[in-house]
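The values are calculated or read from the model by the stated rules, or taken from the named source; none is laboratory data. Just so we're clear, the structure is a prediction, and the values are computed from it rather than from any experiment. Cβ coordinates were reconstructed from backbone atoms using ideal geometry, including for glycine residues, and neighbour counts include every protein chain displayed. Ligands, DNA and RNA are stripped out before the accessible areas are found, and what is left, the full protein with its side chains, is counted by its heavy atoms. Shrake-Rupley method; radii C 1.70, N 1.55, O 1.52, S 1.80 Å.
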Amino acid sequence: DNYVKVTGLGKEPREKQVSVFFTFVEKPLVKRLSYIIGVKADTTLTLNQVLEKIRAYLRAQQNVIVDRHKLVRRVQEEGECFEDYLLALTEMADQADIDDMNADQWKATLIVHGINNEDTRKELLSKTPEPDLAETIRICRANAVGKKDSSRIKGTTASVNANARGRSRSRSKGRGHS
């Protein structure tokens, strides 16, 4: 924004704004813009639209719930002055988009932070875009049921094997005594 104000670039036509942007962007990013994000140098988009596409691409590279999870876990470190802690916390809050969060998003974040099943947490943190509250609850419930059913199957198999062995022995004892 400051560059645009100082140079007066904001008053220039769209074509010039976008051309200046592409002039200062390094080659690897130009390739990424063109082939991955879908914004070519001859785009008809405004500079703000190009920047918004870049922001959306970068946001899609990491689930915002990861940023929120890190924020909730952040505590003041030993020896860290309050001002540095506050700065880090505020920066993390911006990255986590908390200004735009609603109650359901907070609940989903707190669920991810508080669940004790690390595999479920990893699954939730790997989702992009981040799951809403209903999907978060569905995944947690499904994994809890799966874990319980898996334990039951393991327990049943062990009981069946023990019972099968016990029956074999009693049958053989019975046969030997007849």
Residue 87 accessible area, 1.4 Å probe, all protein chains in place, Å² to nearest 10: 110 Å²
Percent accessible area from carbon and sulfur atoms, region 1-129, protein chains only, probe 1.4 Å: 53 percent
Which labelled figure in (1) 2, 11, 21, 26, 22, 13, 5, 1, 0; (2) 2, 8, 14, 16, 14, 11, 8, 7, 5, 4, 3, 2, 2, 2, 1, 1, 0, 0; (3) 1, 6, 10, 10, 9, 10, 10, 9, 8, 5, 4, 3, 3, 3, 2, 2, 1, 1, 1, 0, 0, 0 is P(r) over Cα pairs in 5 Å bins from 0, in percent, once derived from the coordinates: (3)
Rounded tilt (10° steps) of 47-60 against the dominant C-alpha axis of the chain: 20 degrees
Rounded FRET efficiency, nearest 0.05, which uses the C-beta distance separating residue 42 from residue 89 and R0 of 45 Å: 0.60
In degrees, nearest ten, helix 133-177 long axis to first principal axis of the chain (Cα): 20 degrees
Å² of accessible area per residue within the chain, as computed with a 1.4 Å probe and no ligands counted: 73 Å²
Residues residue 56 and residue 7, FRET efficiency given R0 of 25 Å [Cβ-Cβ distance, rounded to 0.05]: 0.45
Crossing angle, helix 14-24 versus the chain [Cα axis fit, 0-90 degrees, rounded to tens]: 70 degrees
